[in-house]
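The numbers here are math on the coordinates, done by the rules we state, and not lab data. Because the structure is a prediction, the values reported are computed rather than measured. So basically every Cβ, Gly included, is an ideal-geometry build from the backbone, and we count neighbours across all protein chains shown.
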């Protein structure tokens, strides 16, 4: 069985602070995909990143960066110099790398509030 | 390019009724997936349609069904509504290969009384 744990339910930071959202996962699959999504108050999920378990390189995209560590089964997400527009619920997700999204398991989400 | 649209945005039904939700994907996208989001169960995959055929299915009872039309628009139907069906139902579209990026609509919030 798969499991994704986002232990941080809510985080508040002041604008321009850096913030890291934690994601710890469990799976018996040897190959899998990890995802991060953003859900702003408007409701739609916004895809942020997909990472294959073969690729442990960290990734940076603008103010966003992701730290994938297979040894600790973690896929953490850092926002640098946070902005009010970053306020949203962020979901980490996991799925085996075959069969499409049907076996996706989402974490419970971390609500980020960026205070101006 | 227009995004994914879902109608209606809000819906109130009573137990035992049935409901149909609609999703119009991004032009050119052939895959439509449906997800249910509730405070208790979180986000869960319902099913995916590709070229008018159900390609993948999550672990939901048969009361949840869907279909896709030739123009890729999709509908989701829930029969014999239960209180626990109250949720935000999200639709996502993608080009169609297994791991294409999914683009989500704003959702339909269903309340069952």
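Here are some notes:
- Percentage of interatomic Cα-Cα distances in the protein assembly as shown larger than 25 Å: 42 percent
- Distance (nanometres) between label positions extended 7 Å along Cα→Cβ at residue B:59 and residue A:98: 2.0 nm
- Remark: mean inter-chain Cβ contacts per residue of A:97-105 equal 6, using a 10 Å Cβ-Cβ cutoff to other protein chain atoms.
- Only Cα pairs under 8 Å and 6+ residues apart enter the sum, and on that basis the relative contact order of chain A stands at 38 percent.
- Residues A:32, B:35, B:10 arranged by fewest to most Cβ contacts within 10 Å: B:10, A:32, B:35
- Cα centroid separation, region B:12-67 to region A:7-74 (Å): 25 Å
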